[in-house]
Amino acid sequence: MSFSRDSFSGRQVLVVGGTSGIGAGIAQAFDAHGARVLVTGAMAAEVALARQQGLQAQVLDVRDGAAVKACFDALTGLHVLVNCAGVIRRGQEHEPDVFADVIDINLNGTQRCCAAARSLLAASGGYIINTASMLSFFGGGLVPGYSSSKGGVAQLTKSLAIAWAADGIRVNALAPGWIATPLTDALQRDASRSAAILARTPLARWGTPADVAGAAMFLASDLASFVTGVVLPVDGGYLIS
């Protein structure tokens, strides 16, 4: 089964952090299936590239509350919010300032966008899809800030699903596993590390942004009309092995 090219026709989708990696894959999938898609990115170069690919795009720093509010205030409607903005700073996150910045982008930034979208999504009966992680479920010694932020995203998702159900807003999260993106390029090229990852992954391959996008479209569709507060692993079975 697959979605038709007009499955999301008439829907406005905002992918925060949609100019690269998993976010770009999700944005492209919604665009290919009829949605009106707006993506944001922290870097002007990424925004320019997204525009070259035919997407509406703008710069947004999710640490800037005023900028987040202005972005959402400019929308005339919204059906799906996908929060993908995030950073990871391996080996640096034990420093308090770095830890705090990672939390501010990954967790506080997600909450800022959710709060700014609430009235628009209540009006449309819309959906929120946050980006959690495998590290929402277990720790990472080199990335305490990232792990803490993604654990927080999982709990934020569950909490908002309860709090906003009366508004008709469903709130879920994706927890990607090892996905082949520029962020994981070094690991993919490291033969021993890649072999260890694949050995633990029952489906025995790296995931792709398209794999995550399929799950996102499911959660944003009527097929998931009774699904809220879920943190859905998209990891080829990594977590259960």
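Details
- Spin-label pair SER124-THR208: with each label point 7 Å from Cα along the Cα-Cβ axis, the two points sit 2.7 nm from one another.
- Where chymotrypsin sites (Phe, Trp or Tyr not before Pro) in DSSP loops with at most 15 other Cβ within 10 Å are excluded, longest remaining stretch of the chain: 1-137
- In terms of its alpha-carbon gyration tensor, the chain comes out rounded; the largest-to-smallest axis ratio a/c stays below the 1.5 threshold.
- Taking Cα atoms only, the orientation of helix 209-219 departs from the longest principal axis of the chain by about 40 degrees.
- Gain upon complete extension [PHE218, ARG36; 0.36 nm per residue less C-alpha separation]: 63.8 nm
- Across the range 12-230, Cα pairs under 8 Å and at least six residues apart give a relative contact order of 21 percent.
- Sorted by Cβ neighbour density within 10 Å, fewest at the top, the residues ILE169, ILE179, ILE103: ILE103, ILE179, ILE169
- MET217, MET134, MET43 arranged by Cβ crowding within 10 Å, fewest neighbours leading: MET43, MET134, MET217
- Taking 0.36 nm per residue of separation and subtracting the current Cα-Cα distance, fully stretching the chain between VAL98 and LEU198 would add 33.0 nm.
Any read-out appearing in this document is the output of simple, stated calculations on the displayed coordinates, not a laboratory observation. Since the structure is predicted, the reported quantities are computational estimates derived from the model, not experimental observations. Don't worry about glycine lacking a Cβ; one is built from the backbone with ideal geometry, like all the others, and counts go over all protein chains shown.
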